[in-house]
Amino acid sequence: MNCTNCGSVIRKGQKFCGKCGTMVPGEHIEQKDTFYVRKLPMIMIVLLTLGLIITSFTMESGSMTVAMGISFIQAIILIFFIYRLDRIEPEPVSLLLKLFLWGALAVPIVATIIENIIEAGVSVIADQGTIMFNILDAFLVAAFTEEICKYAVLKKFTWKHPAFNFRFDGVVYSTTVAIGFEVVENLLYLFDSDASTAYLRSAFPGHCIFGIYMGYYYGHAKSLELMGDARGSAKMRRKGILTAIMIHGIYDSVAMICSDSSNELLMYSCLLALVVIMCVLNVNAYKNIKKFAHEDKPV
């Protein structure tokens, strides 16, 4: 049998075309069991997060090779984990590879150029090192610019792609772009830093987490457009971008204030808040992505 959309050969037992993702005529999707999340993985996530944070304080002179290796292994594990969650219809590997490479190569270059321009404007509004500067820098320079750039790649390569036929596909695409960007961003940070920074960044795969929420709304937006609700679709996409920017901005604000503060009480308060934010977001991201995968349905 050949795919009705792209003509590729469909092997016996396949429900979807392995190239474009089109459902095989006559196949159906089985209803899933009741959703629940086991507590043990969430406990392990908290312990791993705390372990990497503690390691970052004690391994400043540790091996950069090991620290960087952990960062890369984390990215591979996350991509594999999310890909495996897409059980109804795995996405074309060629498309995911394209998204990863664009996220890793194009987004950092474009984002850096835009960030330098915006940061020059922020420097006029507030003095560097102040709380106001840190907040503006976090939301406008980092969060806004990076999330918009990642979204531009996401929409360019996936919105009209025939494989984008299930809601959870939006999460898979969004996180793939985000992880590609995160790998390169971590590498750039480590050029001018030490092993402790690598372990701390490994404790919180922020861009992947931001991508989960953007992708969730992105998948819903695709459904709304196919139902003829173009305005609702655009609103849902904006909601996804704003959600990612808000989470990204809040995290970066706390991290920057903690890093630049000369007030010990404020610094330790922000550090405690940062640890709590990391643990909560890591656990919620795990719970939500499992939930989003379970509730997956055709667009």
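The values are calculated or read from the model by the stated rules, or taken from the named source; none is laboratory data. All figures in this text were calculated on a predicted structure; none of them were measured in a lab. Every residue, glycine among them, receives a Cβ derived from its backbone with ideal geometry; neighbour counts consider all protein chains shown. Remember, those area values only see protein heavy atoms, side chains included, never the ligands or the DNA or RNA. Shrake-Rupley method; radii C 1.70, N 1.55, O 1.52, S 1.80 Å.
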Tell me the residue from 80, 166 that is closer than 27 Å to residue 22 by Cα and in contact with a Lys or Arg (Cβ under 8 Å, 6 or more places away or on another chain), please. 166
Among residues of segment 230-253 being among the hydroxyl-bearing types (Ser, Thr, Tyr) and open to solvent by less than 30 Å² (accessible area, probe 1.4 Å), the residue farthest from residue 277 (Cα to Cα) is 233
Sole miss for residue 101 among (1) over 22 Å from the mean Cα position of the chain (by Cα); (2) modelled with pLDDT of 90 or more is condition (1)
Criterion (open to solvent by 30 Å² or more (accessible area, probe 1.4 Å), over 24 Å from residue 196 (Cα atoms) and part of a helix (DSSP H, G or I)) met by exactly one of 78, 99, 48, 136: 136
Taking segment 111-127 and keeping residues in a helix (DSSP H, G or I) and either in contact (Cβ under 8 Å) with a residue 60 or more places away in the chain or open to solvent by less than 70 Å² (accessible area, probe 1.4 Å) (or both) leaves 111, 112, 114, 115, 118, 119, 120, 121, 122, 123
Given 160, 156, which one is basic (Lys, Arg), free of Cβ contacts under 8 Å to residues at least 60 places away in the same chain and part of a loop (DSSP other than H, G, I, E, B)? 160
Would you pick out the residues in segment 160-175 that are out of contact with any Asp or Glu (no Cβ under 7 Å at 6 or more places or on another chain) and open to solvent by less than 10 Å² (accessible area, probe 1.4 Å)? 164, 170, 171, 173, 174, 175
Segment 270-297, residues that are surrounded by 19 or more Cβ atoms within 10 Å (Cβ to Cβ) and touching a residue at least 60 places away in the same chain (Cβ under 8 Å): 278, 279, 281, 282, 285, 289, 292, 293, 296
I'd like to check something: does segment 63-71 contain any residue that is under 18 Å from the mean Cα position of the chain (by Cα) and not charged (D, E, K, R)? yes
Contact list, first residue from segment 183-194 and on the phi < 0 side of the Ramachandran plot and among the aliphatic types (A, V, I, L, M), second anywhere and at pLDDT below 85 and open to solvent by 30 Å² or more (accessible area, probe 1.4 Å), beta-carbon distance below 7 Å, six or more apart or interchain, is 183/72; 190/64; 190/68; 190/197
Scan of segment 51-75 for residues that are open to solvent by 90 Å² or more (accessible area, probe 1.4 Å) and either outside any loop (DSSP other than H, G, I, E, B) or of a type in the set (Gly, Ala, Ser) (or both), ordered by number: 54, 57, 58, 61, 65, 73
Identify, by number, the condition in (1) among the charged types (D, E, K, R); (2) more than 30 Å from residue 76 (Cβ to Cβ); (3) within 18 Å of the chain's Cα centre (by Cα) that residue 127 doesn't meet. (3)
Can you tell which of 114, 79, 125 is of a type outside the set (Phe, Trp, Tyr) and closer than 20 Å to residue 205 by Cβ? 79
Would you mind finding the one in 227, 256 that is farther than 19 Å from residue 284 by Cα, open to solvent by 40 Å² or more (accessible area, probe 1.4 Å), at pLDDT below 95 and touching a helix residue (DSSP H, G or I) at 6+ places or on another chain (Cβ under 6 Å)? 256
Inspect all residues belonging to segment 179-202 and state whether any of them is within 22 Å of residue 87 (Cβ to Cβ), under 16 Å from the mean Cα position of the chain (by Cα), among the small types (Gly, Ala, Ser) and buried (at least 22 other Cβ atoms within 10 Å of the Cβ). no
